[in-house]
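Each remark here refers to the structure printed beneath this line.
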Amino acid sequence: MSEGLLQIGATLVLMVAIVPFFGAYMARVFQGQSTWLDAVFVPLEGLVFRLGGVEPERQMDWWEYARAVLVSNIAMFVPVFAVLLFQGSLPLNPNNIPGMSWDLALHTAISFLTNTNQQHYSGETGASHFAQMVCFQYLMFTSAATGLSVGIAFIRGVLGRPLGNFYVDLTRSISRVLMPVAGVFAVVLLSQGVPQSLSGIAEAGLVEPYQTTTDGKTETVTTQKLLTGPFASMESIKELGENGGGSYGINSAHPYENPNPLTNLLEILLLLAVPTSLIYTFGVMAGNTKQGWVLFGMIFLLFAGLTGTAAVSEYFGNPAVNALLGSANANFEGQEVRFGWAQSALYATATTSTMTGAVNAMHDSLTPLAGGVALFNMCLQVIWGGQGTGIAYILVFLIIAVFLTGLMVGRTPEIFGRKIEQREVALASIIFLVHPIIILIPTALAVGIPGIAANSNPLYHGLSQVLYEYASAAANNGSGFEGLGDNTPWWNLSASVVLLAGRYLPIVALLALAGGLQRKVPVPETPGTLRTDTVLFGTVTAGTIVILGALTFFPAFALGPIAEYFANLAGKTF
Amino acid sequence: MSTFKEIGTAARMAIFFWIACGLAYPLIFTGFAQVAFPDQANGSLVRNAQNQVIGSSLIGQKFTSVRYFHGRPSSIDYKAEASGASLLAPTNKVLIERVKADAAAFEAQNGTKPTIDLVTTPASGLDPHITPAGAAVQIARVSRARNLAPEQVRKLVSQYTEGRFLGIFGEPRVNVLALNLALDGIRQ
Amino acid sequence: MQVRNKPVRPVDAAVRSDLKRRKVDQSGLYSRAIAEAFVKLNPLTLYKNPVMFVVLVGTVITLALTVNPDLFGDLPDSTRLLNGLITAILFLTVLFGNFAEAVAEGRGKAQADALRRTRQDTSARRVLPDGRTEEVFSTQLRKGDVIQVVAGDLIAADGEVLEGVASVDESAITGESAPVIKEPGSDVASTVTGGTRILSDALLVRVSSNPGEAFIDRMIALVEGARRQKTPNEIALTVLLAVLTLIFLIVVATIPPMANFVGAPVSIAALVGLLVALIPTTIGGLLSAIGIAGMDRVAQFNVIATSGKAVEAAGDVGTLILDKTGTITLGNRLADEFIPVGGHSLGRLAQAAWAASIFDTTPEGKSVIKLATAQGAAGGYDPQGAAGIEFTAQTRMSGTDFGDGRRVRKGAVDAVKRYVQAQGGAAGSAELDGAVERVSRLGGTPLAVSDGTEIFGIIYLKDIVKPGIRERFEELRRMGIRTIMLTGDNRITASVIAGEAGVDDFIAEATPEDKIRVIRESQEQGKLVAMTGDGTNDAPALAQADVGVAMNSGTQAAKEAANMVDLDSDPTKLIDVVTIGKQLLITRGALTTFSIANDVSKYFALIPAMFAAAGIGALNIMALTSPQSAILSALIFNALIIPALIPLALRGVEFRPLSADRLLTRNILIYGLGGLVVPFVGIKLIDIVVTAVGLA
């Protein structure tokens, strides 16, 4: 077990080491300070703003900002939806992949637009090279940048500053953060074997042909069809932008997407980089890096605890399998040899805690507790959280924690010198309400209406699969327990609704909250002011997150992962 | 800002990024990749002496004969055009029965119990590796079938065993295709 | 600056706790509250409390399930006995919540009744324009009428004194037994309140309010809570509680399909029980009681708050603006030292000072006598045939003309100088000026003492800072509240007093306009400001302040403008009001935290019991006897915790003047951690009892 925990620990150390540098850099970018890429991008951006009709100096109020988010996202949706429908007749389709059905195209376009990348198609068989580029890679940049912009605008509002200009934030997110970092790491991934080509399938003559029987017909297989595409450029932004949509159906478990432990390490660090560092960015922008570290520390401990739980659970493996083999083994079903239980557990918690949704092991086959941790991460959606929205949700939890416990210092609650009143509570409540509504209600419908849940697994795990699907959609994560047979109108459409509600309702509420806080008269800090940058308050906030999160989803968890855990311990199978 | 102007700005910015991120970036990068890393960019293909493609160094192949080291069971039979996994939960009866059957078959063939990697399916269905232990339990069978000294095969296995990255990250592993090609290369 | 003649209590802690509490009749309070708890079951009023409304709806559902246990199909554990018990417990939960509110309201009502007794229908003598009087009922009086009141009468209405000087017993309103002098012209003493009794002489009063609008009527309405509106923070909290309720409603409503899917169906009554256990019934049941009790606690300090909002705002006050005189210092300056000049001995000066003060009954005069006596200087003059010379605004000095022709004077230095000069004496000296300056620098007031044509020296009159006030300001500073002292004194004097009292800032030579300016400045910085006032010219500032406390002895205008009225007219009570405001907020926060933390243990009691068929019995870490006893125990705990916490809600969580961090640590440990642990113990104990009586 020690080798496994060592590599998890070493990865976390690297993750923390990146934070102050990347976090400070993003603070510079979004506070309009000079960075070393200015020489290239300032003239370019100026040109883009002129052509686009953007007035970069113009500050938007919250509703303008929200409108810009919504309208631009609709504009991004249109070409993507069209290409997915008609990809069969469009160029760069060497493998002759047909257009998607309307419901699948709708779900896919929405899924990528919302930074979710839940895939009801399989990457290598469902999307042409052209679609992989102009649909997926395009939205991977813009949806991540949209989230990042909203997160930054929210931070500005909470700190009492004007929210900024959405198009400027969107552009700078891409030109200063996403594109440069993704570009560099795409080269590294490429060098390790992630393909980048526009050609079709390469047929390899098998070293040893073999016979296979399907439907009573025996045939001899002599070749292997090796499928490549423009994937290295997609892989790095997939992780960095917390997108998670795989070029291949099986995502980062595919040897072409994630060929070795080095690429695995880089992918984990990439997908953690933005949400972890943004907490520090917040501290820098607030002029209080201690506040940043307190929030970071609190989330880090939750993350480390959950990762540890998942890892230990994976280490002890599946009692039923171990009994058969007569030996003690870690869980191995649905995992790759090059990663093993430790990297699989780490990747699973990292990808679900960050709303990335890429996978390097099959979450469906994780041990019940590890699968439960992945599910829990998406239900909380603040243990790092989504691109930009992660820090915003963390701050919303901070606001709620202040509101609940701040009264206990004998003042009406305030956050960063701004009073938390009815409007703030109402808007924060919307953010909290949306999540259980769009997870629990569709889950109840899907398992309650006969014939919908055609799962690969029955009973407790079957419930977990459905729950996971909607939690993943609601949190804009995109990973799956899969095995749902989910390319049907029900799943495509219900998930689409959940995706949209999980993305845009909170975004509008966040911006409204930020706009309202920004307009408030700040209350000066006194010794009677509740300080939020203390270890004590970090603990209180963590407690609020865990208790509120756990309270909301505990019954569903009891019937899903927890019941499965006890069944698994008792050696029961279904 | 008028509604019309707002929509206009949104549309123009969307189109700009569509060109920049969706077209220019991947196309320029493909050009670069084909020049700088043509081997990796095209799938790390493995060719035989006749320069025919016989696989990829990153993708596993199915081996069935006793003369070869076998990879892990694959729910897609290593058909690389569509990756896939079993998607079976730990409490799924099907999983346990499959493991039971595979373990029995392995034991019948090798006279020893399999390691866990040899009876569980990988996530990708294309896992090119087995664990060193998974290779070790097959050495006796392979050397017998090939009439080689077990020691010789063992040496080959350890030669084809990759360690952890920096000694820390990932797991030790043996690339089955590479090992089997090396076996075939041994003059008998 | 007005100088109040009324003695003001010192504010040290020992005396504070001794503050006279308004005595109210509490008998029958609980029996009335129980009856009221049933009246409050009316869904049309209960819906305003979303948490309790959900419980009531749940009760109806479980009642239906008691009548027909298979109403929603044949589900496990749906027995008539269990459903009936759940119904009873849920019903009790609602009643307990109503009861808490009724008790809090009942206390206010009792107080209102005490006030109402003073408002009996009295007759009044209305003065007609021609000067004749007619007897009318007090209810017939209208604003602008003039009435005559004579000794023994109850004053029929609020009004302003036009003529006469009389002593009035205001104890019905203030609880203060000493009579108060009322006379026209003076800002403070010229208003009378309806329901008070005139003890001597007669007054002509112009009525200032219509029937039902009098001060006392408004006070009754206020303490009764008849027009109680939710405060902003209470509204925000209600929103959050409603959202939590809605979330748990969704959580519970989505359970049946999931439970059926995994083959572990649950009964509807158990689900209703789970819902009620999860929604924040504790704080939902106690929230309004906490608010009412906050106003009530203020009232117990003899302060009437015109709205709960004012009490809540008091907790947030960041700046306290206090008049120096009467609040920070005792109302009067006292002689502290004699400074002889011109070669006179200290003893001689003391004798002259004593002689000048023997007819002076003001506290200053008495203090001079006291100091002189203490120095053994009493005497030396023959009081036989002596006559006192009173202080007037023109002469600005007082003294004694003795039978032997000696004229001794004490007073403002320049006035005495001029007097001595007029008598043919010297016009002062550098030494005298030096002594005067020294006293000023010390923050004192110099009084010159002369005998005949010579100035003997200076009496150093010192402002006496109230005992204990410095410590209170220290407490306030720790709570993050800034104190600003306002005084009509010059800068030097003001700075000395400010330093001695430990205020954070002071405004010297302050005018009423300065008050408004200071308030506005503080408010622009985002601070809430509290102040006291009594004069008509304070009214704008009282209105501008977030918490304005008018003295009951003050003018009608001041009382109208303020949002609190202090019946005792004790300006230091502002500090107590701030404390009560904070206590109110802390109590609200503490019980909310407690209520939510409780849910963890309730889950551990209920979920394993309800989903026993899903094989998660290992989660039953409390080892509750059976699923039925688990459900009953959790619900009984949930119901009983409400009445158990009523005393805390009414009394308020103890407030200590600590820094925010230390307060938070303390309260999180008690109410957060306590909220996690207490129900584990409580539910287990109830389970043992439930098992013992055979309901497991």
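Each value in this text was obtained by applying a stated rule to the coordinates, not by laboratory testing. What you see is a predicted model, and the numbers here were worked out from it, not measured in a lab. Every residue, glycine among them, receives a Cβ derived from its backbone with ideal geometry; neighbour counts consider all protein chains shown.
Could you list which residues have their amide H under 5 Å from that of C:E163, counting only those 5 or more apart in sequence or on another chain, with H placed in the peptide plane?
C:L204
Can you give the FRET efficiency to the nearest 0.05 for C:A64 and A:L536, using r as the Cβ-Cβ distance and R₀ = 35 Å?
Here the calculated transfer efficiency is 0.15.
By how many nm would the segment from C:Q421 to C:R491 grow when fully extended, if each residue of separation counts as 0.36 nm and the alpha-carbon distance is taken off?
My answer for the length gained is 22.2 nm.
Percent relative contact order of the range B:43-184, based on C-alpha pairs within less than 8 angstrom and at least six residues apart?
26
Using 0.36 nm per residue, how much length does the chain from C:V681 to C:V39 gain when fully extended, once their Cα-Cα distance is taken away?
Here the answer is 227.7 nm.
How much of the DSSP bridge set in the protein assembly as shown is antiparallel, in percent, rounded to the nearest 5?
80
With point charges of +1 on the Cβ of Lys and Arg and -1 on the Cβ of Asp and Glu, referenced to the Cα centre of chain C, which listed residue (C:A88, C:A630, C:I516) lies farthest in the positive direction of the dipole?
C:A630
Which one, A:N455, A:Q211, A:W490, projects farthest toward the positive side of the charge dipole computed for chain A from Cβ point charges (K/R +1, D/E -1)?
Projecting each Cα onto the dipole axis, the largest value belongs to A:W490.
Give the angle, between 0 and 90 degrees and rounded to the nearest 10, that separates the Cα long axis of helix A:102-113 from the longest principal axis of the Cα atoms of chain A.
50
Quick check of the Kirkwood formula: for the range A:461-574, what is the inverse mean of 1/r over all pairs of different Cα atoms, in Å?
17.9
Non-local amide H neighbours of C:N210 (under 5 Å, H modeled in plane, Pro and chain starts lacking H): which ones?
The list, which skips near neighbours in sequence, is C:K143.
Which of the peptides C:147-158, A:108-119, B:33-44 is most tightly packed, and how do the rest follow, going by the mean number of other Cβ atoms within 10 Å of each residue?
The peptides rank, most packed first, as A:108-119, C:147-158, B:33-44.
Have a look at B:S65, B:S124, B:S158 and tell me which one the Gaussian network model of chain B (Cα, springs below 10 Å) gives the largest fluctuation.
B:S65
Between 0 and 90 degrees, rounded to the nearest ten: what's the tilt of helix A:2-30 against the longest Cα principal axis of chain A?
Here the helix axis deviates by roughly 50 degrees.
Tell me, what is the FRET efficiency for C:R438 and C:V150 to the nearest 0.05, using R0 = 45 angstrom and their Cβ-Cβ distance as r?
With a Förster radius of 45 Å, E is 0.25.
Relative to the first principal axis of the alpha-carbon coordinates of chain B, what is the inclination of helix B:150-159, with its axis defined by its Cα atoms, in degrees from 0 to 90 and to the nearest 10?
With rounding to tens, the tilt is 20 degrees.
How large is ³J(HN,Hα) for each residue in the range A:271-281, as worked out from phi by the Karplus curve 6.51 cos²θ - 1.76 cosθ + 1.60 (θ = phi - 60°), to whole Hz, x for Gly and Pro?
Using θ = phi - 60°, the values come out as 6, 8, 4, 5, x, 5, 5, 4, 5, 5, 3 Hz.
Could you work out [θ]222 nm for chain A from helices alone, using -39500 (n - 2.57) per DSSP H run of at least four and dividing by all its residues? Round to the nearest 500 deg cm²/dmol.
-20000 deg cm²/dmol
Considering the options C:A644, A:T276, C:T254, tell which one lies farthest towards the positive end of the dipole of the protein assembly as shown, charges being +1 on Lys and Arg and -1 on Asp and Glu at the Cβ, about the Cα centre.
Ranked along the dipole, the leading option is A:T276.
Using helices alone, I'd like the mean residue ellipticity at 222 nm for chain B: each DSSP H run of four-plus residues gives -39500 (n - 2.57), total over residue count, nearest 500.
Theoretical 222 nm ellipticity from helices: -14000 deg cm²/dmol.
Work out from phi, with θ = phi - 60° and the Karplus expression 6.51 cos²θ - 1.76 cosθ + 1.60, the ³J(HN,Hα) of each residue of the range C:49-66, listed in order in whole Hz, and give x for Gly and Pro.
Those phi angles translate into 10, x, 5, 5, 4, 4, 4, 5, 4, x, 4, 4, 5, 5, 5, 4, 6, 6 Hz.
Once both labels are modelled 7 Å past Cα along the beta-carbon direction, what's the A:S122-A:W102 spacing in nm?
2.7
For the range A:237-247, what does the Karplus curve 6.51 cos²θ - 1.76 cosθ + 1.60, with θ = phi - 60°, yield as ³J(HN,Hα) per residue in whole Hz, taken in order and with x for Gly and Pro?
Once θ is set to phi - 60°, the couplings for the range A:237-247 become 6, 4, 7, 4, x, 6, 8, x, x, x, 5 Hz.
With both partners inside chain C, how many of the DSSP beta bridges are antiparallel, as a percent to the nearest 5?
75
Once amide H atoms are placed 1.01 Å from N in the peptide plane, what residues at a sequence separation of 5 or more from C:F456, or on another chain, have their amide H within under 5 Å of its amide H?
C:V449, C:S450, C:D451
With a cut-off of at most 16 other beta carbons within 10 Å, and DSSP calling the residue loop, which GluC sites (Glu not before Pro) in the range C:508-546 qualify? Please list them.
Those satisfying the criteria are C:E509.
Any idea how far the Cα center of the range A:417-470 sits from the one of the range A:483-549, in Å?
A separation of 15 Å, based on Cα centres.
Say each of C:I670 and C:E183 gets a label point 7 Å from the Cα, pointing the same way as Cα to Cβ; how far apart are those two points in nm?
Spacing of the two 7 Å Cα→Cβ label points: 5.1 nm.
How far apart, in nanometres, would the label points at C:D336 and C:D504 be if each is projected 7 angstrom from Cα along the Cα-to-Cβ direction?
The answer from the label model is 2.6 nm.
Measure of size requested: the Rg and Dmax of chain B, with Cα atoms as the atom set and Å as the unit; please supply both.
Using the Cα atoms of chain B, the pair Rg, Dmax is 23.1, 83 Å.
Given a Förster radius of 51 Å and the C-beta distance between C:D414 and C:L204 as r, what FRET efficiency does 1/(1 + (r/R0)^6) yield to the nearest 0.05?
According to the calculation, E is roughly 0.80.
Could you sort out which of C:K370/C:K417; A:K520/C:K559; C:K366/C:K462 sit more than 21 Å apart by Cα distance in this structure?
C:K370/C:K417; A:K520/C:K559
What's the magnitude of the charge dipole for the range B:43-184 around its Cα centre, counting Lys and Arg as +1 and Asp and Glu as -1 at the beta-carbon? Answer in Debye, nearest 20.
Here the size comes out at about 260 debye.
If you place +1 on the Cβ of every Lys and Arg, -1 on the Cβ of every Asp and Glu, and leave all else neutral, what size is the dipole of chain C about its Cα centre, to the nearest 20 Debye?
That gives a dipole near 1040 debye.
At 222 nm, what value in deg cm²/dmol follows for chain C if DSSP H runs of at least 4 each add -39500 (n - 2.57) and the sum is divided by all its residues, to the nearest 500?
-15500 deg cm²/dmol
Please give the Cα centre distance for the range A:43-110 versus the range C:269-336, rounded to the nearest Å.
55
Might you report the magnitude of the Cβ-based charge dipole of chain A about its Cα centre, with Lys and Arg at +1 and Asp and Glu at -1, to the nearest 20 debye?
So the magnitude is around 1580 debye.
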